[in-house]
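Below is one structure; the comments refer to it alone.
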Amino acid sequence: MINLGYNERRVIELLRGRGGMSRIELAREMAVSAPTLTRLTSSLLEGALIVEDSESRPPTGRGKPSTAVKLNPEGLFTVGVYFNPDDIRICVADLEGKIRAELVQELDDHSFDHIMGVASPAVEAVIKQAGIDRSRVLGCGLSFPGHFSRNPGHVFQIQQFSSWHDIDVNKDFDDYFDMPVFHENDGKAVVLSELYYGAGRNLRNFALIWLTYGIGGAVVVQRQLYRGTNRNAGEFGGLFPKSHPRPSGQDLCNLLSTQGINVRRLREIDESYSDHPAIRDWLDRATDQLRVLSLTVARTLDPTAIVFGGSLPDWIIRHFVEHLGSLEILGEDFHVEPPEIRLSAMSDKPHLGAATIPLYRATTPSYYSGRALKGWA
């Protein structure tokens, strides 16, 4: 694991969000002296995390154009492992979030031993396929459905992973991967990739509503993942008890089953079902439930945007976004402009969210645990 100082992380954060920047721009944005900025960039250049940009930046006043620096895509790589009831997805991503190699395999056996038995050799295969320097692999991120319990190692799993009740996620993954392993549930992992590369790239405050077989989500406050006291902030599914109809994929599958339509995987519910009376009724009800959820999020967090994504079929999520985004108000007495309703850019790349976990922990300023004093590297 690399050990970056607070201001080194700030440099990476700025370059990630804005692309190449001159040293003058960086020093001004960070409010540090030119010598301090030179020391920071020299350290990052030496570590190959940034490179000199081939294009010079125009001068802001008199003088010659200044040379810009930018992230080096080859500087770090991360591995992402994501699994849900339908499939397991594995990728290798570079420092700019580009997927260099990936593997997708359908799942029928949801046992821990089977999934890890697939994931472990597959990780080695995608690293080899990517043709990258193994010493530059920062670590492996894993993401999966579920929410945390009071026991730090125990995760309440959805019904398809009910056999995992004895698994300790803080230690039982480690033996399968020859690198540091980090984990988050699926919604929180995806929100990190939205923060770095997707709909939240230029937002300071936003929420993600993640719709799969269950309902999850995550909250970003001042460009950092907000976990809450028990790490369950943004677990919006708890607002919709499973004993009642809810806007989840499992609820939709159960409804179709009562209509004599059995689907094995959510993606089988294609747009040809959109005219089915039961589906139309479900969409109307689920849309209104999500309107109330969006109102609750807006009133509680006042975010710039609410991002919708997940493994529900694209046409269903688009329906929610288009309808909710067209509303002038989300509810009675809501007299301020509602947050923007956005479509996730990461619904088809949840494994990139998993790959972002180790990068977030190693490079984001908000995850820095040491002393942070002005001018320090």
The stretch 266-377: spread of alpha-carbon positions along the three principal axes, whole Å, largest first, is 62, 39, 15
Flagged as over-length at 25 Å C-alpha distance, from Lys70/Lys98; Lys188/Lys242; Lys70/Lys128; Lys98/Lys188, the pairs are Lys70/Lys128
Any trypsin sites (Lys or Arg not before Pro) in the stretch 255-309 that lie in a DSSP loop and have at most 11 other Cβ atoms within 10 Å would be Arg264
Taking r as the C-beta separation of Glu124 and Glu328 and R0 as 51 Å, the FRET efficiency to the nearest 0.05 is 0.45
Taking r as the C-beta separation of Asp281 and Ser162 and R0 as 35 Å, the FRET efficiency to the nearest 0.05 is 0.75
Taking Cα pairs closer than 8 Å and at least 6 residues apart, the relative contact order of the chain in percent is 20 percent
In the chain the accessible area split gives carbon plus sulfur, as whole percent at 1.4 Å, a share of 47 percent
In deg cm²/dmol, rounded to the nearest 500, the helical mean residue ellipticity at 222 nm of the chain, built from -39500 (n - 2.57) for every DSSP H run of length 4 or more, is -11000 deg cm²/dmol
Hydrodynamic radius by Kirkwood for the stretch 320-360, inverse mean 1/r across distinct Cα pairs, in Å, is 12.8 Å
Unit-weight point scatterers at every alpha-carbon of the stretch 74-142, Debye formula, q = 0.14, 0.24, 0.29 1/Å: log10 I(q)/I(0) is -0.39, -0.98, -1.30
Everything considered on the Cα gyration tensor (a ≥ b ≥ c; rounded for a/c under 1.5, else prolate if a/b is larger than b/c, else oblate), the stretch 221-322 must be described as prolate
Between the alpha carbon centres of the stretch 22-39 and the stretch 259-322 the gap in Å comes to 46 Å
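The values are calculated or read from the model by the stated rules, or taken from the named source; none is laboratory data. Computed from a predicted model, the values in this text were never measured in an experiment. Methodologically, a virtual Cβ is constructed for each residue, glycine included, from the backbone with ideal geometry; neighbour enumeration extends over all protein chains shown. Just so you know, the surface numbers come from the protein's heavy atoms only, side chains and all, with ligands and any DNA or RNA stripped out. Shrake-Rupley method; radii C 1.70, N 1.55, O 1.52, S 1.80 Å.
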